[in-house]
1. Considering only residues of the range 22-38 that are in contact with a helix residue (DSSP H, G or I) (Cβ under 7 Å, 6 or more places away or on another chain) and surrounded by 15 or more Cβ atoms within 10 Å (Cβ to Cβ), which is farthest from LEU8 (Cα to Cα)?
2. Of everything in the range 51-88, what is outside any helix (DSSP H, G or I) and touching a Pro at 6+ places or on another chain (Cβ under 8 Å)? Give them in sequence order.
3. Regarding GLN86, is this residue touching a helix residue (DSSP H, G or I) at 6+ places or on another chain (Cβ under 7 Å), polar (S, T, N, Q) and either surrounded by 14 or more Cβ atoms within 10 Å (Cβ to Cβ) or over 30 Å from PRO68 (Cβ atoms) (or both)?
4. Which ranges mark the strands (runs of 3 or more DSSP E) fully within the range 89-204 that have 1 or more residues being over 28 Å from ALA53 (Cβ atoms) and modelled with pLDDT of 95 or more?
5. Here are ASP18, ASP11: which of them is closer than 21 Å to ILE170 by Cα, touching a residue at least 12 places away in the same chain (Cβ under 8 Å), of a type outside the set (Ser, Thr, Tyr) and not in a helix (DSSP H, G or I)?
Amino acid sequence: MEKHLSKLRLDGGALCLDFTNTIHDRTKEGSFDYLGSYQDVLKWCRHAGVLTAPVMKTLERLAKAYPPKADAVFRKTILLRALLFQLFSDQATGKTPDPMLVEQLNPYLAAAFEQLSLQHLSKKTPATLSFITPELDLPWWLVVKSAVDVLVSEQLLRVRRCPACYWLFIDKSKNRSRRWCNMATCGDLHKVKQFYERKKQTDK
């Protein structure tokens, strides 16, 4: 079955986790990767609803005007994805994350947060931290900000890894019992596999 970014599920509960879930099934070597170019990253941003139409058009123009720069940013973005997957996967499976992962993340954090500006400060509403410069790096800046929001909050304790596909998600259930990224897909698939395993045993 052909896969499209427009149909990619956003089950992570946080932008950074949805970003790590852009590989179809991490339990299988060579599984389909939804991100094959910088343009794909922009398509994913559109799908995730994190960039306005004017900003999208600006980034598309920049990518066409500076292909080598867009390629370099894409490679950096994919390295960030691998780093975040390992960091959150370790957390989700009860492992102590390798300190090297944090060291590798810190330069991303420093570069992204250098671009943040305080916006909409008033006596009636809380201020917001926003990226106001539409640069090619903007997609991964947004992912890094989301990752930090999770890492420094209670949400980190609710990060889970789906046992069927290894997608990451935040368990928002009241009793913290959510097991699957999506019950209608991985949950049902697991039930089917269990059924056939039991059938094999009884047929012996």
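The values are calculated or read from the model by the stated rules, or taken from the named source; none is laboratory data. Please read these numbers as outputs of a predicted model, since none were measured by experiment. In this analysis, Cβ positions are derived from the backbone assuming ideal geometry, glycine residues included, and neighbour counts consider all displayed protein chains.
1. TYR38
2. The answer is LEU51, and nothing else.
3. Considered against the rule, which asks whether it is touching a helix residue (DSSP H, G or I) at 6+ places or on another chain (Cβ under 7 Å), polar (S, T, N, Q) and either surrounded by 14 or more Cβ atoms within 10 Å (Cβ to Cβ) or over 30 Å from PRO68 (Cβ atoms) (or both), GLN86 comes out as yes.
4. So the answer is 159-161, 168-170.
5. ASP11
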